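The values are calculated or read from the model by the stated rules, or taken from the named source; none is laboratory data. Remember, predicted model here, so these are calculated numbers, not experimental data. In this analysis, Cβ positions are derived from the backbone assuming ideal geometry, glycine residues included, and neighbour counts consider all displayed protein chains. With ligands, DNA and RNA removed, areas are computed over all heavy atoms of the protein, side chains included. Shrake-Rupley method; radii C 1.70, N 1.55, O 1.52, S 1.80 Å.
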Amino acid sequence: TPGSAAFLRPPLCTAMRRVLLLVLLADAAAFKFLTDFGPAKLIPRPSAMLKRRRATKKFGDKKLAVITGASSGAGLEAAANLLRTGEYHVFGAVRDLDKMRDAALDRDFPADDFTPLQVELGSFASVRAFCKDLERSKLNRPIDRLICNAAVYQPGEAPAWSADGHEMTLQVNYLSHFLMASLLLPGMAKSADPRVILAGGASAEESVEVYPRADLGALQGLKLGAKNPISMFDGYNFDGAKAYKDSKLCLAMLSHTLHQNYHKQTGIAFSTVYPGAIADSAMLAGKPPLDTSAKLPSFVKAMVEFELNAMRRIGFGQDMHANGLTGEAEAVSTAQAGGRLLQAAHDVRCSKSGHWAWKEGDAAAEAAAAAVAITGGDAGADRARAQWASIYEVE
């Protein structure tokens, strides 16, 4: 009858049911992607819509950039440079919030475009707490730039240990940045132009004349846990300068590994940058130099010179120095280093993964002259083009 259930829902014949079942089973794989689109994802929740409106009000169409070590040095300069473009909201990830606030006030950071957040890179728990704070602060917006800049250099005969039992240099410079990147990568994949930028060093390009060299050996120390009392990844005795260089080498290796494993899936560009030997670095103030070649015994120097001469005889190593370029190595200022971090974050050429460095000496002068020739005599444009023209990708 018209009011009966059978009339409202006529039964399917057995054959038709079987055909429908076979079709559904055959096409199940094709519809697997729909499992990511449940009702909660298809229909925006009120809370998500509210966050979206709040994010638009707070950030507008600006990109979101995170910089560790933003309270001083190259990190502070990079933050100032990013803010000066008017295209970024910057999160300063720092240990000392008062110091960061004072620096931001002194540099006239626009309060609406800068957010300081506390993180202690000597503690994995603090890194995790920072990422949760950042998640709340960014209001569901993806992070577009992660600049891992913070670093410490701990010279001395005995290592300092982190809250997690690791040698402090390796944890602050490498392990905690590794953890931070791993926690932020899923969200960054939603950005249209995501970049992870690791501030490395000259370790990978240093000549054999520079001592101590970065060398992870067979990673015996890491295999044993790299925890107190094991201070070095290679398992040997502590050397503060080598620990710093090892940490920078680890960052370069991390950048390469992340690119190999995650670039295609996420679209994130993973880069290592070497902004140069910073002459006025507060990190090195009052501390022994990273290059202790002058302290080498004469027989070791003779062995190194023999090795270098052998390289030169087969066409390698001519005029080598700490950053692998020809000519004399030139120190850069903190402001220059900050400008180079900006370029890695902002220049369209750096939207792909790579190891970026800047020409020095005669090579830089030639690049600058070529750049100046197209500015029409504008002194400010000349300087900007000269610096940006000297970037190159290390093969």
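Annotation: per residue accessible area for region 44-140 equals 51 Å², rounded to a whole number [probe 1.4 Å, protein chains only]. Sites listed here are GluC sites (Glu not before Pro) in region 134-171 whose DSSP assignment is loop and whose Cβ has at most 15 other Cβ atoms within 10 Å: Glu157. Peptides 74-85, 348-359, 48-59, 89-100 ranked from most to least packed by the mean count of surrounding Cβ atoms within 10 Å: 74-85, 89-100, 348-359, 48-59. Phi angles across region 170-176 convert, under the Karplus curve 6.51 cos²θ - 1.76 cosθ + 1.60 with θ = phi - 60°, into 3J(HN,Hα) values of 5, 6, 5, 6, 10, 4, 6 Hz, Gly and Pro given as x.
Above 21 Å, the calculated P(r) of region 90-186 contains 37 percent of its Cα-Cα pairs. Model label points for Asp133 and Asn228, set 7 angstrom from Cα along the Cα-to-Cβ axis, are 2.5 nm apart.
Compared with the direct C-alpha span, the chain from Ser182 to Arg52 gains 44.3 nm at full extension, assuming 0.36 nm per residue. Relative to one another, the C-alpha centroids of region 237-260 and region 170-192 are positioned 15 Å apart. Basic side chains Lys and Arg get +1 at the Cβ, acidic Asp and Glu get -1 at the Cβ, and with that the dipole of region 56-211 about its Cα centre reaches some 880 debye. Taking each of Lys57/Lys352; Lys138/Lys245; Lys63/Lys132; Lys132/Lys190; Lys63/Lys242 in turn, the alpha-carbon distance tops 25 angstrom for Lys57/Lys352; Lys138/Lys245; Lys63/Lys242.
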